[in-house]
1. Please list, in order along region A:260-268, the HN-Hα scalar couplings obtained from phi with the Karplus expression 6.51 cos²θ - 1.76 cosθ + 1.60 (θ = phi - 60°), rounded to whole Hz, x for Gly and Pro.
2. Rounded to the nearest 5, what % of DSSP beta bridges with both residues in chain B are antiparallel?
3. Work out how much length B:H229 to B:R108 would gain on full extension: take 0.36 nm times their residue separation and subtract the Cα-Cα distance, in nm to one decimal.
4. Under a point spin-label approximation (7 Å from Cα along Cα-to-Cβ), what is the A:R190-B:L213 distance to one decimal in nm?
5. Dipole magnitude of region B:102-170 about its Cα centre, charges +1 at Lys/Arg Cβ and -1 at Asp/Glu Cβ only, in debye to the nearest 20?
6. Local charge sum around A:I158 (other residues, Cβ-Cβ under 13 Å, Lys/Arg +1, Asp/Glu -1)?
7. With every protein chain left in place and a probe of 1.4 Å, what is the accessible surface of B:E178, to the nearest 10 Å²?
8. Return a whole-number percent for the relative contact order of chain A, with Cα pairs under 8 Å and 6 or more residues apart as the contact set.
Amino acid sequence: MTSLVASFSKGRTIRLSEVVERTAAGILVLGVLAWVILNLAKAPTQFFTVLLAGLNNGALFALIALGYTLVYGIIELINFAHGDLFMLGTILCANMMANWLGLTKPGLTGFLGLILTMIVVMIFGATVNMGAEFFAYRRLRNAPKLAPLITAVGLSFIFQNIGQRVNGSSPKQWGTVFDPQSGFSVAGVRIRWSFLVVLTVTALLLLGLTYIVQRTRQGKAMRATAQDQDGARLMGVNVNATISFTFALGGAMAGAAAVLYMETIGTTRFEAGFQLGLIAFTAAVLGGIGNLVGAVIGGLLIGVIQGLNDGAPYGLGQDWSQTVVFSILILVLVFKPEGLLGRRTTEKV
Amino acid sequence: MTEATSSTSQRGKQGVQPLLDLTNLSVNYGNIAAVQSINLQVHPGEIVTLIGSNGAGKSTTLRTISGLLRPRAGEVVFEGRKISGMPGHDVVKAGICHSPEGRRIFQRMTVGENLDLGAFLRKDATQVAADRENVLTLFPVLRERLQQKAGTMSGGEQQMLAVGRAMLGNPKLLLLDEPSMGLAPVLVDLIFDTIEKIRDQGVTVLLVEQNALAALRIADYAYVLESGHLTLEGPAAELLSDESLTKAYLGG
Ligand SMILES: Nc1ncnc2c1ncn2[C@@H]1O[C@H](COP(=O)(O)OP(=O)(O)OP(=O)(O)O)[C@@H](O)[C@H]1O
Ligand SMILES: [Mg+2]
């Protein structure tokens, strides 16, 4: 009501459709809330179990989404190859853990090996992403937007072919250092150790990333470059190195996600990057592309929605998983095109 | 020369090397020639002004000095070293700071963060703190707004931020592109006073201005640019005192 009055006093005419839109949005949010509460009331244990599973997936979506959002934030490129970089990371992780280190069972050595593998795969992701920027995207920076976009699609296929060549056309199963059964129960809700590892590692990486972006010189250079490249140059910022560094950060996050994914799921597939990449990209858009916090919230939200839809008493089930996720994306974008935390307008000239 | 110059200008003395030397500099945008074969020198301790009407090529000249544009021909020499062709951040490292046209402040960062970025390449933390204090004393309004998002400040305040930020780079040569644009008359006076103070602190200034009369009053030497060509140069006081010139070129 107050907003109506305010609008009138500014002399702006109110369109009927605006009122309808707001009402519809309100009803939608209330409807979703009611559905969540209904599920919770019907079967609390089941609700929390699927909620945790959703959070687990959501954390991985968030890590991958950060790669999309970092790159988009700095050069406004949708890096379509990012999901496939993640996929290559899962294959490297599986081979390193199982074939080279011989670690396929739980235990202390397995855990130490996991840390080592994570570092290696993060460096791998960072290096490949920097290479893609250096050899392909950098040269297209002043080209029409479509050129780097198509290049990214091309790279995506190249990565997939490499994955297919190394991993084979069908999925491969691997033993992992996480025992899917081991864990403990709280009030009947099963909490796996792997879930705690995924959540802890994700939280640590997010803290580290936030620290780098907000507090360090490199982060300052990144934020300046994102807003105005020439302006940053005039401050003495090495813009090329800064963009390179941003790709490295995004690649490292994809690498970390790849290790967590591979060790919890135990499967490698050459198409894994396509589906997960698309969902993570959706998460980035949902949260407001270019916004780091938005990517994390978007990732967790999609994970939880998916979890509830697939496993809660009134969920539509796995067959409708993608439909639900993308319907929600479309609805959010219709009402809030800039995403949940995105900026309404860009100041770019 | 006249009382207009309190500087230690070395111009005209034999064997003195200019701080900045543009030789036969030409700059194109695609096929459009924006600057054509200009020769311009800035000597240590001077305020040199580059004036001319809209589209004359003044900003293009500054952007080329800063390494944002590559010359089509000719070169930019700073302290005896060729800097044309260097990336922009190396030009800053060499000692040239540029307060660009239209301010180009980082709108989504705070005033304080913008000032920090001005000192991005400096390692001497105590001296940076002292220079920052100096800037905040020159522009007290910035001190009150340190936590404010720069994009929400008024145009004039943003202009002061842009100038203060460039000063924080501790440059040997300061390039100022229309620092008085959009300012109220009292602030225009403040900006020009500040530029003289900056010069007195030992910083050499190359000043681009629409406000030609005010620029000539504080400058030691002036160049007039017309459609990419230099058509006139001389000690600023001479250009000021020559009435036919001020009429023809400066509309004064
Ligand atoms: N990015 C660009 N692409 C193409 N042409 C440009 C570009 N920037 C400037 N020009 C052209 O180059 C010429 C010189 O422009 P410049 O900005 O250097 O003028 P100026 O002297 O700074 O003018 P003003 O006083 O209006 O700022 C103009 O004719 C302008 O249209
Ligand atoms: Mg200009």
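The values are calculated or read from the model by the stated rules, or taken from the named source; none is laboratory data. Being a predicted model, the structure only gives us computed values, none of them experimental. Cβ: placed from backbone, ideal geometry, glycine included. Neighbour counts: every protein chain shown. Surface areas here come from the heavy atoms of the whole protein model, side chains and all, with no ligands, DNA or RNA. Shrake-Rupley method; radii C 1.70, N 1.55, O 1.52, S 1.80 Å.
1. For region A:260-268, the Karplus-derived couplings read 4, 5, 4, 6, 8, 8, x, 10, 10 Hz, x marking Gly and Pro.
2. Values: 21 of 39 bridges.
Counting DSSP beta bridges with both partners in chain B, the antiparallel share is about 55 percent.
3. Values: separation 121, 0.36 × 121 = 43.56 nm, distance 3.81 nm.
Fully extending the segment from B:H229 to B:R108 adds 39.7 nm.
4. Computed distance between label sites A:R190 and B:L213 equals 8.6 nm.
5. Numbers: 10 positive and 7 negative charges, 48 e Å.
The dipole magnitude comes to about 220 debye.
6. On the way: positive: A:R165; negative: A:D84.
Local net charge: 0.
7. Accessible area of B:E178: about 10 Å².
8. Numbers: 540 pairs, mean separation 114.5, N = 349.
It comes to 33 percent, rounded to a whole number.
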